[in-house]
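Below is one structure, written out as structure tokens, with a few remarks after it.
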Amino acid sequence: MNPIIAGLVTIVVGVGGCVGYFYLSNLLLDKVIFPARGENISRNINRANAVRPWLFMFPAIFALGLYLVYPVIGSFWRSLYNRAGNEFIGFGNYQALFTSGDFQVAFFNNLLWVLVVPAASTFLGLVIAQLTDRLSWGNIAKSLIFMPMAISFVGASLIWKFVYANDPDIGLINAIRDFFGLGVIDPMLVPFWNNFFLMVILIWIQTGFAMVILSAALRGIPEETVEAAIIDGANPFQIFFRIKVPQIMGTIVVVWTTITILVLKVFDIVYTMTGGEFDTEILPSFMMDYMFRDDGIATAVAFVIMIVVLPVMIWNIVQARRELR
Amino acid sequence: MSSVEIENVHKIFGTTHVIRDVSIDVPDGSFVVLVGPSGCGKSTLLRMIAGLEEISAGEIKIGARVINEVQPKHRNIAMVFQNYALYPHMTVAENMGFSLRLARHSKDEIATKVRDAAQILGLSNYLERFPRELSGGQRQRVAMGRAIVRDPEVFLFDEPLSNLDAKLRVQMRAELKEIHGRLKTTTIYVTHDQIEAMTMADKIVVMRDGVVEQLGDPLTLYDRPVNMFVAGFIGSPSINFVGGRIARTDGAAKFLSHSGVRWQVDPRVAEVAGGTPVTYGIRPEHFALATDGESGTLPAVVVTVEPTGAETHVVADIGEDRITAVLRERVSARPGEKIHLRPDPAQAHLFESESTLRIQPSGEAH
């Protein structure tokens, strides 16, 4: 079949199926199961109204259960088996993991990422949002800073590969070093600091996100509180840090935690730039490395990542809901 | 405490001239109210005194010092905003003490001053609360407390009561006036509510379109408005205007409305008025209920009757002119019925219709 027709058929069947489900199930509930007539009319209406929300939520609950809840439990169960899946080894995978030096490096590196990337992105985003607020060309500057958001992590990594290239004719870093008469280095080979060179890529991408959200939050601050602070004698720094920032703290937390969650998921940058070599491994890339290798350790890594993300995610959701109120 | 002198001040935003050559003298310790419809420039003028807007031309002095180029924090003023502008992340005590903390006063000193201000405002039990936990009236008091702790030379109020409900507004009005009586700090107060202006001010400045229309104490503005705008703005319900001209019949000058009704006028005014078109202005409370046949009464057809308990507001047509009368007595007339009203010619004003200026009776003190 022609793919366009196939697509259209899928859309029609899908949307029609949804509409049909809601319409028919509702009809069934009202006319057949709890009909609004007969001797039990008021009881039937009440029952139908009690059942209806569940009826309508069922497809969503079912889909989320199938594609989110089941995989979590399934992964956990799977992580207790060996690679072939035929031998129960208890927490053997986890044991192997925590005693492995590579895992410890990845865990430590990931900790650095979690500490540095969200902090740097949020801070830069906040400062840029404030500085561009009153500029006539502020919106152009913001658009430029936001643009990396539209680039895939792999694409961004390739761009930065050029920046970090160990050739003064290509790489920016080495061009600058060359200008000052310093020798050529490969930034990816500098121990410890190569982690930070990788983080810069994600910070470059995420600053735009932080800036856009925080810029909107800054504009939501009542102008009068700022004017009151001016009259109270606050200088621009005091206005920013003691009046504006505390008022948007909720939003800052949401941005911060959102980026933190992202940091715990991104493997592409490390995968593309170093492949996890030179002690730059982080948990997601570590997981990818083991996906097609021995032991079935990858599911255990996935589970560790989930456990680490969970508290941040709960905090994020709680804050976001509070902001909405 | 200090006087404030505003001399020939202008404010220009781009191509709009918002304040035009305004000069106001605010004596030391007085309570001056800037009043006018929205967009008249009163808030802009206040913000210029505060330092939130630049002064395009002219001079503003606080005490003997010209403050055009002085930063807001060095002007020694405190301002209360319409929306209170409390810092939502600080407690009441922190809100009130913020300016002192910025000025690096000692902790003990701040605590003492905050406590004293809270005492004056009845906020002592709320010092550890956050603004969101307070009622509108309490927030308003905190905003005032923030101004009081600084012990400024001048208080600036920008429509501070307009977010409160009617009952609370009356109460806060009295409180504010009492606090002013106690602190005696020079106060400049902006409002669009003429009742606030009348009840609180030592001196009222009526503004329109960036120009001062009239400046004077409340009762002078009420009794001798310089033009139709001031006459219409001050007083509630507002003054009645009837268009017409002065006509002389059998030697006595009378005001002849467009619909042909003859109204008695003060001869001292009529003598000045001449033959130009004039507008007769009379306040609702200067009508009295009369019976037919008495001299100086006018027949009126009732449109609506609004009893308020203490007095009765009657809207009626005299000739083709619709007027409002506030009568002491209770009126049982129904819409469409005819009653007789007697305007008090001694209290009526005549305005030149074209210039809208009030015609001053011969012999009236300026």
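Within the stretch A:78-97, track down each residue that is surrounded by 12 or more Cβ atoms within 10 Å (Cβ to Cβ) and hydrophobic (A, V, I, L, M, F, W, C).
Across the stretch A:78-97, the qualifying residues are A:L80, A:I89, A:F91, A:A96, A:L97.
Looking at (1) touching a residue at least 60 places away in the same chain (Cβ under 8 Å); (2) outside any helix (DSSP H, G or I); (3) closer than 23 Å to B:C40 by Cα, which one does B:G243 not meet, given that it meets all the others?
Result: B:G243 fails condition (3) only.
Counting only residues that are among the aliphatic types (A, V, I, L, M) and more than 11 Å from the chain's Cα centre (by Cα), how many does the stretch B:186-218 have?
Within the stretch B:186-218, residues that are among the aliphatic types (A, V, I, L, M) and more than 11 Å from the chain's Cα centre (by Cα) number 3.
Can you tell me which residue is surrounded by the most Cβ atoms within 10 Å (Cβ to Cβ) among those in the stretch B:94-137 that are of a type in the set (G, A, S) and farther than 23 Å from B:L168 by Cα?
B:G97
Exactly one of these conditions fails for B:T279: (1) closer than 29 Å to B:V230 by Cβ; (2) in a strand (DSSP E or B); (3) out of contact with any helix residue (DSSP H, G or I) (no Cβ under 7 Å at 6 or more places or on another chain). Give me its number.
Status for B:T279: all satisfied but (3).
Please go through the stretch A:244-273 and give me each residue that is of a type in the set (V, I, T), in a helix (DSSP H, G or I) and within 14 Å of chain B (Cβ to nearest Cβ), ordered by number.
Hits for the stretch A:244-273 are A:V245, A:T251, A:I252, A:V253.
Take A:L126 and tell me if it is modelled with pLDDT of 80 or more, surrounded by 12 or more Cβ atoms within 10 Å (Cβ to Cβ) and under 29 Å from A:E281 (Cβ atoms).
No: the conditions fail for A:L126.
Need pairs with beta-carbon distance below 6 Å; first residue within 14 Å of another protein chain (Cβ to nearest Cβ) and within 16 Å of B:V18 (Cα to Cα) and within the stretch B:47-65, second outside any loop (DSSP other than H, G, I, E, B) and among the charged types (D, E, K, R); sequence gap 6+ or separate chains.
As it stands, the answer is B:L52/A:E227; B:E53/B:R47, since those pairs meet every condition given.
Among B:Q71, B:Q82, which is the only one that is touching a residue at least 60 places away in the same chain (Cβ under 8 Å), facing another protein chain (nearest Cβ under 10 Å) and among the polar types (S, T, N, Q)?
B:Q82
Restricting to the stretch B:308-355, and then to whatever is free of Cβ contacts under 8 Å to residues at least 40 places away in the same chain and among the hydrophobic types (A, V, I, L, M, F, W, C), can you tell me which residue is farthest from B:G293 (Cα to Cα)?
Result: B:A310.
Identify all residues within the stretch B:115-140 that are within 20 Å of B:P160 (Cβ to Cβ) and of a type in the set (A, V, I, L, M); write none if there are none.
Hits for the stretch B:115-140 are B:A117, B:A118, B:I120, B:L121, B:L123, B:L134.
From the set of residues in the stretch B:85-106 that are aliphatic (A, V, I, L, M) and under 18 Å from B:S135 (Cα atoms), which is nearest to the other protein chains (Cβ to nearest Cβ)?
Among those residues, the one meeting the criterion is B:A85.
Residues in the stretch A:26-50 that are in a loop (DSSP other than H, G, I, E, B) and of a type in the set (K, R): how many?
1
Return the residue satisfying two criteria in turn: it lies in the stretch A:294-324 and is within 19 Å of the chain's Cα centre (by Cα) and of a type in the set (S, T, N, Q), and of such residues it is nearest to A:T251 (Cα to Cα).
If we take residues in the stretch A:294-324 being within 19 Å of the chain's Cα centre (by Cα) and of a type in the set (S, T, N, Q), then A:Q319 is nearest to A:T251 (Cα to Cα).
Give the residues of the stretch A:228-243 that are buried (at least 22 other Cβ atoms within 10 Å of the Cβ) and more than 7 Å from chain B (Cβ to nearest Cβ), sorted by residue number.
If the condition is that a residue be buried (at least 22 other Cβ atoms within 10 Å of the Cβ) and more than 7 Å from chain B (Cβ to nearest Cβ), then A:A229 is the only one that fits.
From B:R182, B:R146, which residue is within 14 Å of another protein chain (Cβ to nearest Cβ) and touching a residue at least 40 places away in the same chain (Cβ under 8 Å)?
Step by step, each of B:R182, B:R146 is checked, and only B:R146 is within 14 Å of another protein chain (Cβ to nearest Cβ) and touching a residue at least 40 places away in the same chain (Cβ under 8 Å).
Quick check on my filter: what residues within the stretch A:182-234 are assigned to a loop (DSSP other than H, G, I, E, B) and free of Cβ contacts under 8 Å to residues at least 24 places away in the same chain?
A:L182, A:G183, A:V184, A:I185, A:D186, A:V190, A:P222, A:G233, A:A234
So is A:I170 surrounded by fewer than 15 Cβ atoms within 10 Å (Cβ to Cβ), at pLDDT below 85 and assigned to a helix (DSSP H, G or I) or not?
Criteria not met by A:I170.
Do we have A:F103 as out of contact with any Ser or Thr (no Cβ under 7 Å at 6 or more places or on another chain) and closer than 30 Å to A:M199 by Cα here?
Yes.
Filter the stretch A:205-227 for residues that are over 30 Å from A:V154 (Cα atoms) and more than 14 Å from chain B (Cβ to nearest Cβ); which is surrounded by the fewest Cβ atoms within 10 Å (Cβ to Cβ)?
A:R219
Can you name every residue in the stretch B:40-64 that is under 22 Å from A:E227 (Cβ atoms) and surrounded by fewer than 14 Cβ atoms within 10 Å (Cβ to Cβ)?
If the condition is that a residue be under 22 Å from A:E227 (Cβ atoms) and surrounded by fewer than 14 Cβ atoms within 10 Å (Cβ to Cβ), then B:E54 is the only one that fits.
The values are calculated or read from the model by the stated rules, or taken from the named source; none is laboratory data. Every value quoted in this text rests on a predicted model; they were computed, and no experiment measured them. Cβ coordinates were reconstructed from backbone atoms using ideal geometry, including for glycine residues, and neighbour counts include every protein chain displayed.
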